[in-house]
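Colleague: Got a structure here, written out as structure tokens. Questions coming.
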Amino acid sequence: QVQLVESGGGLVQPGGSLRLSCAASGNSFGWNAMSWYRQAPGKERLLVAQLTNGGNTYYADSVKGRFTISRDNGKNTFYLQMNSLKLEDTAVYYCRLDRLLGIHWGQGTHVTVSS
């Protein structure tokens with residue numbers, strides 16, 4: 001069983017930065033992709049960034065140039081570095097791990113961008 005635990009959310013002013021972490025425990029081998037999604041109040045959950053096992057990355061247009069997804073193999077953790085945050089980045093952020101044997105979600109971490 002794989003468990004994903006996010007951390008790093010919080011309150012930040014516009015223009016600020018945050019780094020979200022997603023720590024994977026259990027058998028996370030055989031993964032295809034790791035992703036960050038976000039869900040703003042009253043809206044659907046949307047893909048923000050993705051890193052494939054082959055090293056390819058995808059970013060939503062709204063975050064290109066500001067967010068970076070990465071992975072620390074030794075710590076079995078992946079990250080979302082968020083810079084130049086905007087009010088519209090406010091949401092609950094979820095990490096997701098796609099494996100051959102299934103899809104796993106974290107519990108979500110709140111990010112609030114406010115002055």
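Colleague: For the list (1) open to solvent by 10 Å² or more (accessible area, probe 1.4 Å); (2) touching a strand residue (DSSP E or B) at 6+ places or on another chain (Cβ under 6 Å), I need the number of the one condition that residue 78 fails.
Modeller: (1)
Colleague: Oh, and also: Within region 54-102, which residues are within 21 Å of residue 26 (Cα to Cα), in contact with a Gly (Cβ under 9 Å, 6 or more places away or on another chain) and of a type outside the set (A, V, I, L, M, F, W, C)?
Modeller: Selection gives 79, 94, 96, 99.
Colleague: Can you pull out the residues in region 85-97 that are outside any strand (DSSP E or B) and either under 28 Å from residue 2 (Cα atoms) or open to solvent by less than 60 Å² (accessible area, probe 1.4 Å) (or both)?
Modeller: Listed by number, the residues that qualify are 85, 89, 90.
Colleague: Could I ask something else about it? In the set 103, 69, which member is within 11 Å of residue 21 (Cα to Cα) and assigned to a strand (DSSP E or B)?
Modeller: Exactly one residue qualifies, and that residue is 69.
Colleague: Against the definition (part of a loop (DSSP other than H, G, I, E, B) and hydrophobic (A, V, I, L, M, F, W, C)), how does residue 80 come out, yes or no?
Modeller: Judged against the criteria, residue 80 is not a match.
Colleague: Just wondering, is there one or more residues in region 56-66 that are under 14 Å from the mean Cα position of the chain (by Cα) and over 23 Å from residue 43 (Cβ atoms)?
Modeller: Yes, that holds for at least one residue.
Colleague: Further, regarding this structure: Return yes or no: is residue 49 in contact (Cβ under 8 Å) with a residue 24 or more places away in the chain, in a strand (DSSP E or B) and open to solvent by 40 Å² or more (accessible area, probe 1.4 Å)?
Modeller: No: the conditions fail for residue 49.
Colleague: Do we have residue 71 as among the basic types (Lys, Arg) and open to solvent by less than 40 Å² (accessible area, probe 1.4 Å) here?
Modeller: Judged against the criteria, residue 71 is not a match.
The values are calculated or read from the model by the stated rules, or taken from the named source; none is laboratory data. Please read these numbers as outputs of a predicted model, since none were measured by experiment. Every residue, glycine as well, gets a Cβ built from its backbone with ideal geometry; the counts of neighbours run over all protein chains shown. Surface accessibility is based on the protein's heavy atoms, side chains included, excluding ligands, DNA and RNA. Shrake-Rupley method; radii C 1.70, N 1.55, O 1.52, S 1.80 Å.
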